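Step one of this worksheet: look at the structure below.
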Amino acid sequence: MKTLFMTATSLALGLAACQSPGTETQKPHTGIIKTPFGAVEGQPVELYTLTNSNGTAVSITTYGGIITAFRTKDKNDSVSSIVVGFDTITQYLQQPPYFGAIIGRYGNRIGNAAFSLDGKEYKLAANNGKNHLHGGLKGFDKQIWKAADVQDSVPTLILEYTSKDGEEGYPGNLQVKVTYALGDNDDLRITYDATTDKATPVNLTNHSYFNLTGDTRSTILDHRLQLKSSSYTPVDSGLIPTGEIRKVAGTPFDFSQAATVGSRMDQVPGGYDHNWVIDRKGKNLETVAILTDSVSGRLLEVQTTEPGIQFYAGNFLDGKFTNHTGTPVNLHTALCLETQHFPDSPNKKDFPTTILQPGEKYHTVTVYRVGRMAK
Ligand code: GLA
């Protein structure tokens with residue numbers, strides 16, 4: 001693996017070195033480049049940049065598996081990042097709200113920070129009021145992942161992490177592998193694999209915040225969103241699903257036809273931060289969301305094998321953090337489309353199960369593909 005990694009890095013660096021000045025725009029440096037990205041608690045952290053033949057580039061740090069940038073061309077061929085991120089590790093250590101990170105062991109909330117499994121009650125960290133959010137105080141977003149392998153033909157990075165039995169209150173040693181592959185269709189494929197030695201809930205996702213304009217100077221309220229969903233899971237005041245699966249027809253939650261994010265949000269107290277139930281045909285990868293922005297002409301298509309998607313409209317963003325572009329990340333200047341199993345499933349017997357048993361293989365795939373809107 002080491003050898004492969006060396007080959008890939010040298011190849012990428014070699015390509016860069018071969019180019020004479022001025023040719024850079026004609027042929028992008030495809031492949032993977034590894035650069036240092038500081039240190040966390042004395043341990044070095046790296047940044048891997050995956051670049052495809054169109055020049056689209058995705059940067060991922062081993063700290064939290066965070067996607068720090070997803071740089072694509074807009075309708076005028078101007079390049080900018082469609083995800084909120086930072087250029088240094090320092091801001092990531094100031095606890096931003098999960099910008100771009102891998103979320104685990106459990107994406108979204110578990111009510112009362114507790115669940116029962118096989119007759120035993122498990123207590124988790126209550127890090128969101130009385131509830132448990134995004135894996136706890138030190139979830140997968142704050143761990144240093146091991147770059148296990150890279151491949152260069154389709155730029156690919158594999159990150160691994162072992163979550164110990166009892167970590168954040170969860171049972172079982174969980175071996176996790178997250179694979180990022182950037183295809184030539186500007187499609188970032190994220191594959192999540194895990195195995196355990198004791199039954200445990202698992203619900204992995206990525207928490208990228210998108211603004212297709214490439215700049216948080218403007219909000220996402222004029223972005224148009226379409227979700228392949230005819231129902232959602234209503235929540236209580238602590239954002240825990242009530243257990244009901246409610247039809248979206250005739251409500252501001254109906255995105256079965258494309259609608260602007262902001263057009264009906266004033267009818268949703270607190271703004272959109274809900275799990276939509278995907279109308280699935282089967283278990284394969286399906287397109288579940290399409291987001292467009294006419295200013296940049298960009299389109300984002302989300303495909304997944306998951307049964308749900310959390311559409312979060314950046315309701316808690318408050319300008320505390322400043323994006324790559326030097327602009328503050330203010331209220332509603334970015335949105336998340338987190339593919340997932342439903343929140344609080346360990347306490348909801350009628351929701352699809354999130355329990356992984358020893359001997360089983362957890363395997364989910366989500367693709368974020370960036371394209372251009374039809375003219
Ligand atoms: C998720 C949750 C939100 C919020 C954000 C992070 O999307 O659903 O309620 O906690 O993460 O701020």
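General observations
- CD proxy at 222 nm, helix term only [per DSSP H run n ≥ 4: -39500 (n - 2.57); per residue of the chain; nearest 500]: -1500 deg cm²/dmol
- The chain - percent of accessible surface contributed by carbon and sulfur, probe 1.4 Å: 52
- Along the chain, longest interval not containing exposed GluC sites (Glu not before Pro), exposed being DSSP loop plus at most 12 other Cβ atoms within 10 Å: 42-243
- In this structure, the pairs whose alpha-carbon distance is over 22 Å, taken from 120/349; 177/228; 34/177; 120/142, are 177/228; 120/142.
- Distance between the stretch 176-194 and the stretch 265-322 - C-alpha centres, whole angstrom: 19
- Of the trypsin sites (Lys or Arg not before Pro) in the stretch 139-204, those whose Cβ has at most 10 other Cβ within 10 Å and which sit in DSSP loop: 164
- Net length gained if the chain between residue 54 and residue 153 were fully extended (0.36 nm per residue, minus Cα distance): 34.2 nm
The values are calculated or read from the model by the stated rules, or taken from the named source; none is laboratory data. Note that the structure is predicted; figures quoted are calculated from it, not measured. Here the Cβ is made from the backbone with ideal geometry for all residues, glycine too, and neighbour counts use every protein chain on show. Please note that ligands, DNA and RNA were not included when accessible areas were found on the heavy atoms of the full protein model with its side chains. Shrake-Rupley method; radii C 1.70, N 1.55, O 1.52, S 1.80 Å.
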